[in-house]
Protein chains: 2
Amino acid sequence: MNSINKIYLNIAQIQKIVSSDLENVNNIIIENIGNEVPMISELSQHILASGGKRIRPIITLLTSKLCDYKGENHLSLAACIEFIHTATLLHDDVIDESKLRRGVATANDLFGNKTSVLVGDFLFSRSFELMVANGSKRILEVLSSTSSTIAKGEVLQLSTINNCSTSEETYINIIKSKTASLFGAAAEISAILSEKNKNIQNALLTYGQKLGIAFQLTDDALDYIGSESLGKDIGDDFKEGKITLPIIICLRNANKEEILFWNKTIEDLKQTDQDLTKALSLIKKHQAIEETLSLANQYCSEAINALDVFPHSETKLALESLAKLAVNRVK
Amino acid sequence: MNSINKIYLNIAQIQKIVSSDLENVNNIIIENIGNEVPMISELSQHILASGGKRIRPIITLLTSKLCDYKGENHLSLAACIEFIHTATLLHDDVIDESKLRRGVATANDLFGNKTSVLVGDFLFSRSFELMVANGSKRILEVLSSTSSTIAKGEVLQLSTINNCSTSEETYINIIKSKTASLFGAAAEISAILSEKNKNIQNALLTYGQKLGIAFQLTDDALDYIGSESLGKDIGDDFKEGKITLPIIICLRNANKEEILFWNKTIEDLKQTDQDLTKALSLIKKHQAIEETLSLANQYCSEAINALDVFPHSETKLALESLAKLAVNRVK
């Protein structure tokens with residue numbers, strides 16, 4: 001089928017393909033949150049039940065299906081991936097002071113910094129218990145090293161905040177670490193579980209990583225477009241002085257006066273109410289969103305191409321569609 | 001030898017017994033911090049090199065020696081234990097806004113909340129990489145479940161803050177989880193590594209756990225005594241409204257006026273400059289420090305008794321001395 005004419009699936013159709021697995025994953029998540037410590041169950045349920053699309057566990061479920069995996073360990077490992085992701089979100093909330101995530105108040109707004117840090121730690125530990133119980137040594141290596149990579153990426157990102165000389169290369173390295181590594185692991189572990197050869201393992205790893213980069217690039221573009229349906233405010237990154245690709249593109253094309261503007265607003269974090277409007281106009285002037293989304297689309301194509309080693313199937317179409325959806329959230 | 005006449009070792013003598021192992025552990029720690037991300041190495045070195053006594057890794061080293069372990073995995077696992085502990089410290093700093101730890105400014109004071117959370121996450125992930133590389137499935141189970149237990153304890157503690165009705169039982173459960181579980185695991189893993197029977201595994205687990213409880217009880221007493229040599233301020237717990245045993249003892253013996261005082265200062269956190277002085281006088285009146293330390297001494301004895309299954313040796317004496325030191329920090 002020619003990819004131009006290909007009819008991709010929407011998220012509901014994708015979820016339907018793994019619906020019974022996904023239900024099992026949700027049950028494992030609820031079970032592992034437990035109800036021993038009320039503060040943990042309250043906060044975890046708030047964040048884990050607040051409408052996340054479970055994209056990462058769905059990747060594990062779909063890729064396991066693609067590899068014709070016959071066991072049940074993929075279910076707990078998919079839950080484990082979601083736990084790692086949720087722990088990162090909770091710790092990100094502490095960090096970013098973001099006011100809106102997924103259209104609801106962040107956990108941090110409702111529960112405070114302390115609880116977010118500690119419940120994040122709990123979910124993170126729980127993810128390790130799940131992987132120890134369900135993963136081979138090789139899977140444990142992949143997931144524990146992924147966790148380190150995520151943390152390294154988050155710290156690296158923190159050290160580039162307010163730094164206008166951050167290069168595109170550094171930025172791409174950060175999003176590879178903090179976002180794409182977990183997407184990559186979510187896909188790779190299915191091939192390991194199913195005892196597929198290195199070629200297949202690498203294909204799925206590449207699929208996940210490229211999709212993850214495309215996903216984060218789109219996220220960073222969305223920060224300057226806003227999305228009511230995704231409940232995103234405009235300009236959170238700008239207000240924090242966080243350097244993402246749209247700003248890097250503007251800086252690359254900036255004239256002297258614009259450089260002074262970015263130095264004042266991003267490096268010195270001296271911002272007036274009008275500065276976001278000015279930033280948005282510069283982003284428009286330099287077509288920074290278009291360029292960011294175009295790069296996201298390139299990574300999306302590379303993700304889809306990585307699946308070439310698999311014959312056509314409904315499951316493969318679902319994975320291709322998921323990659324398309326990662327860059328088509330701009331509504 | 002009669003325990004009354006026994007001459008215990010000091011910390012320098014204890015460290016000397018495992019000095020070459022301890023040097024290896026320090027090298028593994030430095031190696032695993034790495035120097036890829038400057039912010040990570042800077043902060044980790046600050047906290048990991050700031051004069052901690054390495055009590056937890058020393059427990060792993062001594063108990064491995066006691067079990068006559070011939071391999072090398074205990075070195076990385078001891079480093080792993082110190083990483084978990086350090087991650088907890090970093091996240092605790094975010095939480096407790098403690099101004100002084102080990103006599104130097106906390107990492108949080110110097111580096112900020114965000115960095116403490118993220119570098120803590122990195123060290124925590126690194127600890128999992130170390131255990132995956134060096135631990136059997138059983139050791140991974142013990143250490144991952146210990147991490148969950150610590151996080152549960154921390155959240156439970158958070159939910160008792162400002163709550164004057166916290167019982168001694170709840171308090172003991174909290175310190176068992178947040179502190180004693182890691183001490184227990186530090187000792188237990190040596191028996192597992194050395195393939196000792198369940199009886200020996202349990203003896204070392206008990207030793208570590210009881211020592212950990214004694215250690216935390218002493219810490220909580222020290223909070224109201226202060227210790228220049230340990231660099232501890234007086235009354236940090238009181239200022240936060242944190243309920244520890246000295247306060248529970250005061251509440252148990254309080255008259256009506258005293259109950260009002262504790263409700264105002266701990267539950268409502270309405271404190272004047274004189275209130276700490278008043279709290280200290282009530283603690284004195286009800287002999288709350290003496291009672292707390294007496295309980296610590298009981299747990300210390302239970303820790304030492306747990307070692308009865310081992311014949312006398314210099315290593316055993318070192319472990320007994322470590323337990324004694326945990327409760328004899330009151331200087």
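The values are calculated or read from the model by the stated rules, or taken from the named source; none is laboratory data. Keep in mind that this is a model prediction, so the values were computed, not measured. As a convention, Cβ positions derive from the backbone with ideal geometry for all residues, glycine included, and neighbour counts pool all protein chains shown.
List the helices (runs of 4 or more DSSP H) inside segment B:255-331, counting only whole elements, that have at least 3 residues being under 30 Å from residue B:191 (Cα atoms). Break it down into steps so the answer makes sense when it comes.
On the way: elements: B:256-262, B:275-285, B:288-306, B:314-327.
Where helices (runs of 4 or more DSSP H) fall fully within segment B:255-331 and carry at least 3 residues being under 30 Å from residue B:191 (Cα atoms), they are B:288-306, B:314-327.
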Notebook entry, point to check: Within segment B:240-251, can one find any residue that is within 30 Å of residue B:9 (Cα to Cα), of a type outside the set (Gly, Ala, Ser), surrounded by fewer than 21 Cβ atoms within 10 Å (Cβ to Cβ) and touching a residue at least 60 places away in the same chain (Cβ under 8 Å)?
Noted result: no
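Is segment A:193-202 home to any residue that is under 19 Å from residue A:89 (Cα atoms) and either out of contact with any Pro (no Cβ under 9 Å at 6 or more places or on another chain) or buried (at least 24 other Cβ atoms within 10 Å of the Cβ) (or both)? Talk me through it step by step, then tell me what you get.
Narrowing segment A:193-202 to residues under 19 Å from residue A:89 (Cα atoms): none.
The answer is no; no qualifying residue exists.
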Note to self: Give me the residue from segment B:153-192 that is buried (at least 21 other Cβ atoms within 10 Å of the Cβ) and charged (D, E, K, R) and, out of that set, farthest from the chain's Cα centre (by Cα).
What the structure shows: B:188
Margin query: Just to be sure I understand the filter: pairs with C-beta atoms under 9 Å, separated by 6 or more residues or on different chains, first member in segment A:257-276 and within 12 Å of residue A:239 (Cα to Cα), second member aromatic (Phe, Trp, Tyr). Which pairs pass?
Written below: A:265/A:238; A:266/A:238; A:271/A:238; A:275/A:238; A:275/A:261; A:276/A:238
Next item on the list: Please work out which one of (1) within 11 Å of chain A (Cβ to nearest Cβ); (2) out of contact with any Leu (no Cβ under 6 Å at 6 or more places or on another chain) is the condition residue B:37 fails and give its number.
Entry: (2)
Item checked: Near pairs, Cβ below 7 angstrom, 6+ apart or cross-chain, from segment B:145-172 (within 26 Å of residue A:127 (Cβ to Cβ)) to any residue that is aromatic (Phe, Trp, Tyr) and crowded, with 17+ Cβ neighbours inside 10 Å -> B:147/A:128; B:148/A:122; B:151/A:122; B:152/A:122; B:155/A:122
Check: In this structure, is residue B:32 modelled with pLDDT of 80 or more, polar (S, T, N, Q) and surrounded by fewer than 24 Cβ atoms within 10 Å (Cβ to Cβ)?
Finding: yes
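Quick check on this structure: which one of B:78, B:12, B:87 is surrounded by fewer than 24 Cβ atoms within 10 Å (Cβ to Cβ) and part of a helix (DSSP H, G or I)? Give the steps one after another, and end with the answer.
On the way: B:78 fails: surrounded by fewer than 24 Cβ atoms within 10 Å (Cβ to Cβ); B:87 fails: surrounded by fewer than 24 Cβ atoms within 10 Å (Cβ to Cβ).
Just one listed residue meets the conditions, B:12.
Quick one: would you say residue B:270 is of a type in the set (Lys, Arg) and over 30 Å from residue B:324 (Cβ atoms)?
Values: of a type in the set (Lys, Arg): yes; over 30 Å from residue B:324 (Cβ atoms): yes.
It is true that residue B:270 is of a type in the set (Lys, Arg) and over 30 Å from residue B:324 (Cβ atoms).
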Margin query: If residue B:129 satisfies all but one of (1) in contact with a Ser or Thr (Cβ under 8 Å, 6 or more places away or on another chain); (2) crowded, with 23+ Cβ neighbours inside 10 Å; (3) not hydrophobic (A, V, I, L, M, F, W, C), what's the number of the condition it fails?
Written below: (2)
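Out of curiosity, is residue B:270 out of contact with any strand residue (DSSP E or B) (no Cβ under 6 Å at 6 or more places or on another chain), farther than 19 Å from residue B:58 by Cα, loosely packed, with under 15 Cβ neighbours inside 10 Å and among the charged types (D, E, K, R)? Walk me through how you get there before you give the answer.
Working: out of contact with any strand residue (DSSP E or B) (no Cβ under 6 Å at 6 or more places or on another chain): yes; farther than 19 Å from residue B:58 by Cα: yes; loosely packed, with under 15 Cβ neighbours inside 10 Å: yes; among the charged types (D, E, K, R): yes.
Judged against the criteria, residue B:270 is a match.
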Check: Can you find even one residue in segment B:222-230 that is of a type in the set (Gly, Ala, Ser), under 23 Å from residue B:300 (Cα atoms), surrounded by fewer than 15 Cβ atoms within 10 Å (Cβ to Cβ) and touching a residue at least 12 places away in the same chain (Cβ under 8 Å)?
Finding: yes
Check: What number of residues in segment B:15-34 are more than 30 Å from residue A:154 (Cβ to Cβ) and either within 14 Å of another protein chain (Cβ to nearest Cβ) or in a loop (DSSP other than H, G, I, E, B) (or both)?
Finding: 1
Notebook entry, point to check: When you go through B:125, B:147, B:159 one by one, which is the residue that is among the small types (Gly, Ala, Ser), under 14 Å from residue A:155 (Cα atoms), part of a helix (DSSP H, G or I) and facing chain A (nearest Cβ under 7 Å)?
Noted result: B:125
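Are any residues in segment A:128-144 of a type in the set (Val, Ile, Thr) and either more than 8 Å from chain B (Cβ to nearest Cβ) or in contact (Cβ under 8 Å) with a residue 24 or more places away in the chain (or both), and if so, which ones? Break it down stepwise before answering.
As a first pass, look at segment A:128-144 and keep what is of a type in the set (Val, Ile, Thr): A:132, A:139, A:142.
Across segment A:128-144, the qualifying residues are A:139, A:142.
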